[in-house]
Amino acid sequence: MRGKVVAILETRTGAHLGELIARRGGVPLLAPALREVPDIEPSRVEELLAVWRSQPYRLVIFQTGVGTRALFNAADALGASGELVQLLARSVVVVRGPKPLGELNSREVRIDWKAPSPFTTETVLATIAGIDLRDARVLVQRYGAANEPLRHALEARGAAVDEIATYRWALPDDVRPMIQLLDALAASTVDAVVFTSAVQIHNLYAVAQAQGRAAQLAEHLCGLVIASIGPVCTRALAAHGIAASFEADPPKLGPLVAGLEAKLAETR
């Protein structure tokens, strides 16, 4: 990896990922590609609890750590987090991955089912395949966008699905690092790009579109090492005509960096 320029679009753990790459001799190029904006009012939680009391949810699915935390923070503002925990105790609680698991553990919420790696919609659905959902009310903690495949699959099994939006994805306040990345890609001075979420791909294309450079982006990425955190990310890349060089297995930073190092070694 020595001397190789690696673009990183991750925001929250981008600096840490950059440190891991720098320790191996790589040159991290940080271009944070998204911002997580809390998007839940206490009044929305109040409405949710009112409905929940009279029409209990049989199943509750938590998809992200940041969204789970935002939901409980809004409940805290109402003084209603204790009631939220009590209502969850009467439901089947499912988590999509380790981050919502950690948030719920901190609130002492009982967790009934944990979707296995790589923590996709498919693994969630496989985990709950044995649960009877006919005429069941299901609550889904939404991540930055609606998970339509999850909703449709639950409804196809007879469930009535409600979603609670707790945050939304947006472009960073400062997109100049992303524009600088587009410049570097056009100048062929980047060796690898690391994608840790599908929304990073969509946002990179949004900035490229605003710059009138979207048509060339896939071509500029072709031939580079394209690191993908997992299958959801890989599918988003493929939708833009970009082939991932590899997926991290399991979808964590350690295997991601190890795979990146191995792929870059092949390009010497």
About its Cα centre, the stretch 77-123 carries a charge dipole, from +1 on Lys and Arg Cβ atoms and -1 on Asp and Glu Cβ atoms, whose size in debye to the nearest 20 is 40
For the pair Ala258 and Ala186, the simple spin-label estimate (label points 7 Å beyond Cα toward Cβ) gives in nm 3.9
Tilt, helix 42-54 to longest principal axis of the chain (alpha-carbon atoms), in degrees rounded to tens, equals 50
With label points set 7 Å from each Cα along the Cα-to-Cβ direction at Arg176 and Asp76, the distance between them in nm comes to 3.4
With the dipole of the chain defined by +1 on each Lys or Arg Cβ and -1 on each Asp or Glu Cβ, the option from Ile201, Ser81, Ile164 whose Cα lies farthest towards the positive pole is Ile201
Total charge of the residues flanking Ala126 in space, meaning their Cβ is under 14 Å from its Cβ, with Lys and Arg +1 and Asp and Glu -1, is +2
Distance in Å, no decimals, from the C-alpha centre of the stretch 1-60 to the one of the stretch 66-101 is 18
Protection proxy (average C-beta count within 10 Å per residue), highest first, orders 155-165, 58-68 as 58-68, 155-165
The size of the Cβ-based charge dipole (Lys, Arg +1; Asp, Glu -1) of the stretch 31-155 about the Cα centre, to the nearest 20 debye, is 220
FRET efficiency for Ala50 and Ala218 from the Cβ-Cβ distance with R0 = 45 Å, rounded to 0.05, comes out at 0.40
Final fewest-first order of Val85, Val257, Val194, Val51 on the 10 Å Cβ neighbour count is Val51, Val85, Val257, Val194
Between [x] 75, 37, 32; [y] 61, 36, 34; [z] 73, 64, 33, the structure-derived Cα extents along the principal axes in Å is [y]
Place a point 7 Å from the Cα of Gln86 in the direction of its beta carbon; the residues of the stretch 99-143 whose amide N falls under 16 Å from it are 109-110
Put in order of increasing Cβ neighbours within 10 Å, starting from the fewest, Tyr57, Tyr205 give Tyr205, Tyr57
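Report the charge-dipole magnitude of the chain in Debye, nearest 20, computed about the Cα centre from +1 at each Lys and Arg Cβ and -1 at each Asp and Glu Cβ. Spell out each step's value before the answer.
Details: 28 positive and 28 negative charges, 90 e Å.
The calculation lands at about 440 debye.
Give the peptides 5-16, 212-223 in descending order of average Cβ contacts within 10 Å, highest first.
Put in order of decreasing packing, that is 5-16, 212-223.
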With label points set 7 Å from each Cα along the Cα-to-Cβ direction at Glu163 and Glu266, the distance between them in nm comes to 3.6
Between the Cα axis of helix 253-266 and the main Cα principal axis of the chain, the angle (0 to 90°, nearest 10) is 20
By Cβ neighbour count within 10 Å, fewest first, Trp169, Trp113 rank Trp113, Trp169
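Remind me, what semi-axes does the stretch 37-169 give for its equivalent ellipsoid, largest first in whole Å, using sqrt of 5 times each Cα gyration tensor eigenvalue? Don't skip to the answer; put the middle values down first.
On the way: eigenvalues 87, 54, 42 Å².
Square roots of five times the eigenvalues give 21, 16, 14 Å.
Coordinate-derived values only; no laboratory data. Only a predicted model underlies this, so the values are computations on that prediction, with no experimental measurement involved. Positions of Cβ are generated from backbone atoms using ideal geometry, with glycine treated the same way; all protein chains shown enter the neighbour counts.
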